Amino acid sequence: MSLPGTSFSIFIALLAAATACTHFMTPNPLFVRNLIDFSLTFSSSVIPSTIPYKLERSHHNHHHDKKTIQNICDDFPPDFPPPDTNTTSILCVDRNGCCNFTTVQSAVDAVRNFSAKRTTVWINSGIYFEKVIVPKMKPNITFQGQGYASTAIVWNDTANSSHGTFYSGSVQVFATNFIAKNISFMNVAPIPRPGDVGAQAVAIRVAGDQAAFWGCGFFGAQDTLHDDRGRHYFKDCYIQGSIDFIFGNGKSFYEDSRLYASEFSSLKY
């Protein structure tokens with residue numbers, strides 16, 4: 001089954017879009033159930049990967065209708081991203097092609113190995129359907145989203161599909177000094193039924209030392225946040241799951257963050 005075609009992916013997308021960026025989400029079980037039922041009527045076509053342009057109809061003039069084609073990138077700042085400095089570099093990701101990269105992984109790949117600079121990967125609003133790995137040789141990277149209800153990295157691997165829970169993460173961070181701000185990490189694999197084997201589905205695996213997350217969301221069911229190893233800091237974050245949804249050997253501090261245990265067992269499948 002393709003990723004955009006899974007009903008749970010649409011449920012998560014709708015749930016995130018329905019929330020206000022300035023408030024933590026407190027899902028109502030009935031509301032969640034209705035969203036899941038509603039999502040089953042949709043196909044993957046409701047989530048386009050790109051939006052090439054938009055059409056605007058002009059006023060009637062001499063009995064002729066005119067259509068003005070406006071490029072979706074016209075409103076994008078022409079001088080962004082700014083030039084590199086001696087200590088910082090900014091890479092821009094926009095899924096509509098309005099800046100350097102259209103995928104987060106391609107931006108990560110472009111970062112120089114073992115760079116001492118702080119490289120900010122600025123990620124525009126949108127849902128990025130991809131699996132992202134930040135390897136050990138890419139330290140000092142920041143993922144800067146536009147709000148945890150506006151920007152998300154989403155994939156749907158499970159322990160079965162990836163040959164182990166540790167490898168199922170939608171995002172996997174092995175580098176040191178990683179930072180994420182105002183972005184969500186999601187695993188939208190099907191919700192496991194009681195007794196399912198190999199259904200663990202990690203949203204993010206954090207295996208690098210000195211990682212920090214500000215205003216981030218972590219969404220999944222079983223094994224959402226793999227706090228694998230190293231020292232990590234979470235501030236003003238929202239973490240949602242059902243079974244063992246925070247696990248690992250990391251030495252982490254969670255400050256002003258909210259944990260939500262979903263009662264998925266009460267939902268219809």
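Compactness of region 82-266 was expressed as the Cα radius of gyration divided by 2.2 N^0.38 Å, which yields 0.98. The amide H of residue 133, built 1.01 Å from its N in the peptide plane, has 172 as neighbours under 5 Å, considering only residues 5 or more places off or on other chains. Under 5 Å from the amide H of residue 218 lie the amide H atoms of 185, 238, 239, 240, each residue being 5 or more positions distant or on a separate chain, with H modelled from the backbone and absent for Pro and chain starts. Working from Cα pairs under 8 Å separated by at least six residues, relative contact order for region 82-266 is 14 percent.
Bear in mind that the values in this text are calculations on the coordinates, not laboratory data. Keep in mind the model is a prediction, meaning the values are calculated, not measured.
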